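Novice: Below is a structure I'd like to ask you about.
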Amino acid sequence: MTFERRDFARLRWPFLLALVMLAAAAAGIWWSLKFERVARTERDAALQTKTQIEQRLRQVRNEEQDIKTRTQQFHAMEQAGIVGPERRLDWTEQLRDLQRSLRLPGMTYEFGPQTPIEGPTGGGPVFHASPLRVQLRLLHEEDLLNFLPRLQREASALVLVRGCKVSRLVPSGADGANLAAECAMDWVTLRRSAGARQP
Amino acid sequence: MTARRLLYLDSQRLSAYAWRQGRLQPEGTFENRADDLARFAEYLRLNAASQYQLLANLAEEGHEIETIPFLQGQDRAALIARKLGQHFLGTPFATAIPLGYEKSQRKNEKLLLTALTNPAAVEPWLEALRDAEVALAGLYTVAQLGGRLLAKLGRPTRRALLLTCQDHSVRESLILDGQTVFSRLVSLADSSIAGIAARYSSEAAKLHQYLVGKRLLSRSDTLPVFAVAHPVATGAVRQACVDTPQLAFDIIDSHFAARQIGLKSFPDDSRCELLFLQLLAAAPPRQQLAPAIYRHGHRIGQIRAGLLALGGIGLFASALFAAQLLYDAHELRDEARTLAASEAEMNWRYREITATFPQLSIDNETLRRVTDRQNRLLAEQRLPDAAFRMLSRALGEAPNVQVDAIEWSAGEKVLPAVGQGGAQLPSPAMPGSESIVLRGSIRLGPASTTRQVLATFEHFVDSLRVDRGNEVTVTKQPFEIESGRPLRGSDVEEEGAGQRNFVIQIQRRSAP
């Protein structure tokens, strides 16, 4: 079959109409694909959210007792004064009270600057340590063995004893002290990192 | 949908019909004269969008059976064109109808070559159609439709003679295996019922003799003869057409035939044009006789239809696909709604459970981290009590050993740290162990010998080693008797000779 010029004119409108129909078909497919994709995304998001809450629910059911125990532990920390900004004035009073209570002949101490003992936690609370070097004059070594546990018990911080040096005083001091002790420890508290709200 | 129009051409005139759902509506009759041709052109112009089929019933027809070698493609087409040229020289209105292959080794192909041998009778009409640029689907002959008519009427078509009456002629066709292999037209001088009946009877006998003579039939065979006539004429025809040993007549009611082939416009008389036009409209033969030049408009129409069909199919497929996707989207949205409802319920349950927890200013994850860390810090808590008790037990067994200083540190002692004022401070703690540096002296009195001092010291060290957890290292002995160290002495008793200093380091595992 040979095409003539006028044949193209006769085929022009059917061709254009076919083109329009195919374009409409393509547009319809594109639109429905987009519609379906949006619906699928919504479904996936809903599924993800549901999975997350399902997981949280399962976890909270499994860890209900654990969370309650930890909460009690946290409350205990709060009551012990471990949580919040350090209270150095209280600490000095606690040290003096303890010295008086144990009748220790002498005591000198020095708190160092507070530093964090763990990395950034994304705005959450961070444990900080204040180093303490305390020098004691003792009647006998039992004074030190009484002093340290009471300090751990009564101080409004978590007290970690790092080391102690006990040496004999020759001759004995006028205050009756026979031994000199020097201990290094860290007073640990929990507070939010700088700029963040306290727990 | 494209309207369909059928043109019936006989030796005198051309009749036009509009075909719609089995109804044939006459639209005009045109003779081969200049004014009628102009009228026909106007008719075509008014119905330019229709599709046309032209059915010719002319006396000048040729039918030849030819055998060609097994060929395909261009070679076959070229050979058929040559054969048509040989048999029907001078007419372009010819075609070849395949009759199958011979069952011989060479597999030759049998063809029925058919042509309208008087082009002048057809050309004016085809030229008019061409000039009007209308779509001519094809040019067909009445003979081509004979086999189809018998088949539609349920008559055997293996070998039969068909007699039909059209305009003022009777067509006689020999049908073998459904195909008309011979056909001729005889004029009908008397169109009355009696005239038609007589003509059928006489022409059947004449044609039989002719075909026997042409060796297309055997003389002894009985040939079925089917004659189509109006219901009113069937009685007369049956009476005229008496069976003979060679011819067995079967008279077909034309109205019965019309019903069988789906024609709703019943013929008014015995003429069968309408039957053949209906057959042509319902199922046209695959072969037609018009050259491609006259079917150009039809081809263009097919391309137009193809383009529109392509677009339509695309649109329809798109609609189906889109419907499927929209259905899927609807399902997904339903699923999302169900999930959201489920999520809300779980959220409510979660809040219900967490409401029973003591309220804190931190979330559970932070609580977990903080308490875990505190537990680790608590595990690091050490006191020197156990170490001092261990030393106390050892010293109780060694009264001559005097302790001057005890350095206790949590963790393994690596190097002594120096504090302010030069004081040595314990090293940083290593988890799970503690270290003790013991400084003291052996006091046995001035009369004691070196051996006695060393024996006392060794006994003390052994008592420290009783505890298997202790790793005891003597840093400084009361007397340096190792080969690698200098050893001094004299016969003069030195001041403080009864006091011998030592340093012992103890590394031990410690309980928190």
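Novice: Give the calculated FRET efficiency between B:Lys110 and B:Gln302 to the nearest 0.05, with a Förster radius of 35 Å applied to their Cβ-Cβ distance. Provide the component values of the computation, followed by the final result.
Specialist: On the way: r = 30 Å, r/R0 = 0.86.
Using R0 = 35 Å, I get an efficiency of 0.70.
Novice: I'd like the antiparallel share, as a percent to the nearest 5, of DSSP beta bridges with both residues in chain B. Can you show the working numbers first?
Specialist: Details: 73 of 97 bridges.
Of all bridge pairs located within chain B, approximately 75 percent are antiparallel.
Novice: Viscosity 0.692 mPa s, temperature 37 °C: what is the translational diffusion coefficient of the protein assembly as shown from Stokes-Einstein with a Kirkwood Rh over Cα pairs, rounded to a whole number of µm²/s?
Specialist: Details: Rh = 38.3 Å.
Calculated translational D: 86 µm²/s.
Novice: In Å and on Cα atoms, what radius of gyration and Dmax does region B:38-167 show?
Specialist: For region B:38-167, the Cα-based Rg and Dmax read 17.5, 56 Å.
Novice: Rg/Rh for chain B: what does it come to with C-alpha atoms and Rh from Kirkwood?
Specialist: Values: Rg = 61.6 Å, Rh = 34.1 Å.
Rg divided by Rh gives 1.80.
Novice: Need the list of aspartates and glutamates near B:Lys110 for cross-linking: C-alpha distance under 20 angstrom, and skip anything on the same chain fewer than eight residues off.
Specialist: B:Glu61, B:Glu64, B:Glu66, B:Asp75, B:Glu102, B:Asp177
Novice: What spacing in nm lies between the two simple spin-label points modelled at B:Ala38 and B:Leu89, each 7 Å away from Cα in the Cβ direction?
Specialist: Label at B:Ala38, label at B:Leu89, 3.9 nm between them.
Novice: For Cα pairs less than 8 Å apart in space and 6+ apart in sequence, what is the mean separation divided by the residue count of chain A, i.e. the relative contact order in percent? If you can, show how the numbers build up before the last one.
Specialist: Working: 238 pairs, mean separation 41.2, N = 199.
About 21 percent, as a whole number.
Novice: Counting only trypsin sites (Lys or Arg not before Pro) that are in a DSSP loop and have at most 16 other C-beta atoms within 10 Å, tell me the longest site-free stretch of chain B.
Specialist: Values: sites that count: B:Arg33, B:Lys103, B:Arg106, B:Lys107, B:Arg158, B:Lys214, B:Arg215, B:Arg219, B:Lys264, B:Arg286, B:Arg468, B:Arg488.
Looking at chain B, B:287-467 is the longest stretch - no exposed trypsin sites (Lys or Arg not before Pro) with at most 16 other Cβ atoms within 10 Å.
Novice: What pairs in B:Lys214/B:Lys264; B:Lys107/B:Lys206; B:Lys103/B:Lys214; B:Lys103/B:Lys152; B:Lys103/B:Lys264; B:Lys206/B:Lys264 have C-alpha atoms more than 32 Å from each other? Numbers along the way, then the final one.
Specialist: Numbers: B:Lys214/B:Lys264 39 Å; B:Lys107/B:Lys206 36 Å; B:Lys103/B:Lys214 24 Å; B:Lys103/B:Lys152 28 Å; B:Lys103/B:Lys264 43 Å; B:Lys206/B:Lys264 34 Å.
Flagged as over cut-off: B:Lys214/B:Lys264; B:Lys107/B:Lys206; B:Lys103/B:Lys264; B:Lys206/B:Lys264.
Novice: Now, a different point. Mind checking the mean number of beta-carbon atoms from other chains within 10 Å of the Cβ atoms in B:344-357?
Specialist: 4
Novice: Now for a different question. Count the DSSP beta bridges whose two residues both fall in chain A, then state the antiparallel fraction as a percent rounded to the nearest 5. Walk me through the intermediate numbers first.
Specialist: Numbers: 32 of 33 bridges.
Rounded to the nearest five, the antiparallel share is 95 percent.
Novice: Suppose the chain between B:Glu365 and B:Glu133 were pulled fully straight at 0.36 nm per residue; how much longer would it get relative to their current alpha carbon spacing? The partial results should precede the final answer.
Specialist: Working: separation 232, 0.36 × 232 = 83.52 nm, distance 8.50 nm.
Extra length from B:Glu365 to B:Glu133 when fully extended: 75.0 nm.
Novice: Can I ask one more? With chain A treated as a Gaussian network of Cα nodes joined by springs under 10 Å, which of A:Gln94, A:Gln114, A:Gln52 yields the largest mean-square fluctuation?
Specialist: Per the Cα network of chain A with a 10 Å cutoff, A:Gln52 tops the list.
Novice: Continuing with this model, one more query. Hey, what did chain B get for relative contact order, percent, Cα under 8 Å, at least 6 apart? Before the final figure, lay out the partial values.
Specialist: Values: 816 pairs, mean separation 53.8, N = 512.
For chain B, the relative contact order is 11 percent.
Novice: Could you compute Rg(Cα) / (2.2 N^0.38 Å) for region B:97-250, with N its residue count?
Specialist: This ratio for region B:97-250 stands at 1.18.
Novice: Using square roots of five times the C-alpha gyration tensor eigenvalues, list the equivalent-ellipsoid semi-axes of chain A in whole Å, biggest first. Numbers along the way, then the final one.
Specialist: Values: eigenvalues 1332, 73, 29 Å².
That gives 82, 19, 12 Å for the three semi-axes.
Novice: If you don't mind, there's one more thing I want to ask. Please build a GNM for chain A, connecting alpha carbons under 10 Å apart, and tell me which residue among A:Thr115, A:Thr49, A:Thr189 fluctuates the most.
Specialist: A:Thr49
Novice: Return the calculated 222 nm mean residue ellipticity for the protein assembly as shown, to the nearest 500 deg cm²/dmol, obtained by summing -39500 (n - 2.57) across DSSP H runs with n ≥ 4 and dividing by the residue count.
Specialist: On the way: 16 runs with 302 residues, N = 711.
Mean residue ellipticity, 222 nm, calculated: -14500 deg cm²/dmol.
Novice: Follow-up. Express the C-alpha Rg of region A:1-62 as a ratio against the empirical globular expectation 2.2 N^0.38 Å, rounded to two decimals. Walk me through the numbers on the way to the answer.
Specialist: Numbers: Rg = 26.0 Å, N = 62, 2.2 N^0.38 = 10.6 Å.
So the Cα radius of gyration is 2.46 times the expected 2.2 N^0.38 Å.
The numbers here are math on the coordinates, done by the rules we state, and not lab data. Note that the structure is a prediction, hence the values are computed from the model and not measured. A quick note on method: Cβ atoms are made from the backbone with ideal geometry, for glycine too, and the neighbour counts reach across all protein chains shown.
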